[in-house]
Amino acid sequence: MREGMLPPGQRPAKGWPISHYGPVPRFREDRWSLQVFGATANRQTYSWTFAEVSALPKVTVHADLHCASGTSTTGHTFFGVPASTVLGLAPPADGVSHVMAWAEYGYSANLRLADFTAETTVMATHHDDEPLTVEHGFPLRLVVPHLFGYKGPKWLRGIEYMTQDRRGFWEERGYHNLADPWAGQRHSYQEDDDR
């Protein structure tokens, strides 16, 4: 991890800017669930309430965040459920290589399974010892600090296991499919065939 360093082409941002597509959703705990579906080992859909997700083991992750627009913020501390926990609770089928992270309003972000299960990838409930604000993704935000921010949706609602890649919301609109800030992978025209 290169904590505190900025990738090529990035500049520091003040504070923690709020950036998202569409309105901020209203949280209704009685209607909220996190689901895992798609190519699960038993072909079943798994679902957890907010209370059940809140009871799962947590970790603390120190991370910098990088936006494909060219800004970065450093020194974040996230607290939440390691994303890799999902695989133990809802085992994937053989051949699962990618996940689609689904959020409110149908927002999606595709990830290679190795990126989703990375040690620093967390389904965050807290930021800097405080619960996430709704503008920053409360009740659950996927944080994938080694990739550009569009790979970490706010208001996370589901994880879909996939046996082949499929582009998410921003990837369908011209953003890079892999999104490594250290390789400058911002736009789809920069992609090559080795993904």
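Just so it is clear, none of the values below were taken in a lab; they were calculated from the coordinates. Everything quoted here is computed from the prediction, not taken from an experiment. We place every Cβ from the backbone using ideal geometry, glycine too, and count neighbours over all the protein chains shown.
Tally Lys/Arg at +1 and Asp/Glu at -1 over every other residue whose Cβ is under 14 Å from the Cβ of Pro131; what's the total?
Once positives and negatives cancel, what remains is -2.
Decide, for the chain, between rounded, prolate and oblate: order the square roots of the alpha carbon gyration tensor eigenvalues as a ≥ b ≥ c, take rounded if a/c falls under 1.5, and otherwise choose prolate if a/b is larger than b/c, else oblate.
Oblate, since a/c reaches 1.5 and b/c is not below a/b.
Name the residue farthest towards the positive end of the dipole of the chain from the options Thr163, Thr74, Ile18, assuming +1 on Cβ of Lys and Arg, -1 on Cβ of Asp and Glu, about the Cα centre.
It is Ile18, whose Cα lies furthest towards the positive end.
What is the calculated FRET efficiency for Ala114 to Arg28, with r their C-beta to C-beta distance and R₀ = 30 Å, to the nearest 0.05?
On the way: r = 34 Å, r/R0 = 1.13.
Result of the calculation: an efficiency of 0.30.
Take the Cβ-Cβ distance between Arg43 and Thr74 as r, set R0 to 35 Å, and report the resulting FRET efficiency rounded to the nearest 0.05.
Working: r = 43 Å, r/R0 = 1.22.
It comes to 0.25.
Assuming 0.36 nm per residue, please report the length gained on full extension of the stretch Glu52 to Ser19 beyond their Cα-Cα distance. Please report the intermediate quantities before stating the final value.
Numbers: separation 33, 0.36 × 33 = 11.88 nm, distance 2.83 nm.
Result: 9.1 nm gained on full extension.
Among the GluC sites (Glu not before Pro) within the range 60-138, which fall in a DSSP loop and have no more than 16 other Cβ atoms within 10 Å of their own Cβ?
Glu119
Which one of Gly88, Gly152, Gly137 has the biggest mean-square fluctuation once the chain is modelled by GNM with Cα springs under 10 Å?
Top of the fluctuation ranking is Gly88.
Helix-derived [θ] at 222 nm for the chain: sum -39500 (n - 2.57) over DSSP H runs of at least 4, divide by residue count, nearest 500? Don't jump to the answer; show the numbers that get you there.
Numbers: 3 runs with 14 residues, N = 195.
That calculation yields -1500 deg cm²/dmol at 222 nm.
Taking neighbour Cβ counts within 10 Å as the exposure measure, how do Arg157, Arg167 sort from fewest upward?
Ascending number of Cβ neighbours within 10 Å: Arg167, Arg157.
Charges only on Cβ, +1 for Lys and Arg, -1 for Asp and Glu: so what's the dipole of the range 71-195 about the Cα centre, in debye to the nearest 20? Can you show the working numbers first?
Working: 10 positive and 17 negative charges, 50 e Å.
Computed charge dipole of the range 71-195: roughly 240 debye.
Taking only C-alpha pairs under 8 Å that are 6+ residues apart, what is the relative contact order of the chain in percent? Don't skip to the answer; put the middle values down first.
Values: 408 pairs, mean separation 46.0, N = 195.
The normalised contact order for the chain reaches 24 percent.
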